[in-house]
Amino acid sequence: MMRNGILSGNIFKLALAVVLAAVMLTAVFPFAASAAEQKKYLTKGDAVAFLTASDFLKNKIGALLSWTIGYDISKVNRAKVVPVINYILAIPRKAPPDGRTIIELQASVDDPGGLVNIQGVRADLSEIGKLSNMMLVDNGLWGDAKAEDGIFTIQTNVSLSVSLGEKEVAVAVANQKGWVAMGKTSLLVLNPPKIISAKVEPMSVVADGKHEILFKVQIEDPEGKYEIKRVFANLQGLGAGNVTLFSDEGGNGDEIAGDFVYSGRVLIPAGISPKTVEVPVYAETHSGAADFSKVKIKIVAK
Ligand SMILES: [Ca+2]
Ligand SMILES: [Ca+2]
């Protein structure tokens, strides 16, 4: 998908990419040449220092153009020495600024000299409130699915202090000879959907195995951009399952389909002694953001 995005980019983007390639070569080549003159490969520390010291990533590129999604400078540059970024993904692409919803950043990279020639892959996560020089790993640990497959991974989240809107994440890959390729992806920081009301009718019920209660959970999706995955209650306190799904499809107690009021009927089992039970209710999106509320249900004697 990312490649298609690159190929189908308009001419303006291509022109910008060529300008960027020229800047890139100017900035990177002298470094590579001097490394070659010294007839030694960079140590990992050298490459990291270079990436860190280089204002190129943040200032020049950042000021030159606002990147659109994930094109890849190494595709424009035909040299056989520069590492390749196949794609960069942020999963999910939409996340709340909550400091906990996990975002997995993946960069698929390669190098003309093989993967062993890759020195390191780094990401600038400053736009989501993290460090500007975070290392991605290809060791099969810390969220990386498979070791040494060229897909480098880092797990992160969006800090609480980050403003809403589109955020860019730049990724740089350096190889042993000091060549650097850069690309970027973006992600959208959104407020998560909220449970604005959670009700149950009736609020008190006889536990005789015959009476039902009807849950009505109203969701507000502030940006209208999240997809609700499921709305459910944990009914263990009522002797039922921990994931009882509610529906917004109309019917079976849900009055109107698609109105963001999720409903569900639940039969109260016989034999629960009179008490007030607090039932937790959850709304969850496909991107992992969630909200939580509670409903009180009073179990009464006959
Ligand atoms: Ca991997
Ligand atoms: Ca509904």
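Taking the alpha-carbon centroid of each part, what is the distance from the stretch 268-288 to the stretch 189-246 in angstrom?
Centre-to-centre distance over Cα atoms comes out at 8 Å.
Could you compute Rg(Cα) / (2.2 N^0.38 Å) for the stretch 194-300, with N its residue count?
Relative to the 2.2 N^0.38 Å estimate, the stretch 194-300 comes out at 1.06.
State whether the stretch 179-248 is rounded, prolate or oblate according to the following rule on the C-alpha gyration tensor (a ≥ b ≥ c being the square roots of its eigenvalues): a/c under 1.5 gives rounded; otherwise a/b larger than b/c gives prolate, and the remaining case gives oblate.
Because a/c hits 1.5 or more and a/b exceeds b/c, the stretch 179-248 counts as prolate.
For L131 and S161 in the same chain, what is the full-extension length gain: residue separation times 0.36 nm, less their Cα-Cα distance, in nm?
Using 0.36 nm per residue and subtracting the Cα-Cα distance, I get 9.4 nm.
Quick one: dipole size for the stretch 115-205, taken about the Cα centre, charges +1 on Lys/Arg Cβ and -1 on Asp/Glu Cβ, in debye to the nearest 20.
Roughly 160 debye for the stretch 115-205.
Residue-wise, which Karplus ³J(HN,Hα) couplings in Hz belong to the stretch 250-265, taking 6.51 cos²θ - 1.76 cosθ + 1.60, θ = phi - 60°, and x for glycine or proline?
x, x, 6, x, 8, 5, 10, 6, x, 9, 6, 9, 9, 10, x, 8
Report the charge-dipole magnitude of the stretch 194-300 in Debye, nearest 20, computed about the Cα centre from +1 at each Lys and Arg Cβ and -1 at each Asp and Glu Cβ.
520
When we measure straight from the Cα of K302, which aspartates and glutamates land under 20 angstrom away, once same-chain ones fewer than 8 places off are left out?
By straight Cα distance, K302 reaches E201, D208, E212.
Where the eigenvalues come from the Cα gyration tensor of the stretch 87-138, what are the semi-axes √(5λ) of the equivalent ellipsoid, largest first, in whole Å?
In descending order the semi-axes read 25, 12, 8 Å.
If I model a spin label as a point 7 Å beyond the Cα along the Cα-Cβ vector, how far apart are those points for H286 and R93 in nm?
According to this spin-label approximation, the distance is 1.0 nm.
Read-outs: derived from the displayed coordinates by stated rules, not from any lab. Small disclaimer: the values here were computed from a predicted structure and weren't measured. Ideal geometry is used to build each Cβ from the backbone, glycine not excepted, and the neighbour counts take in all protein chains shown.
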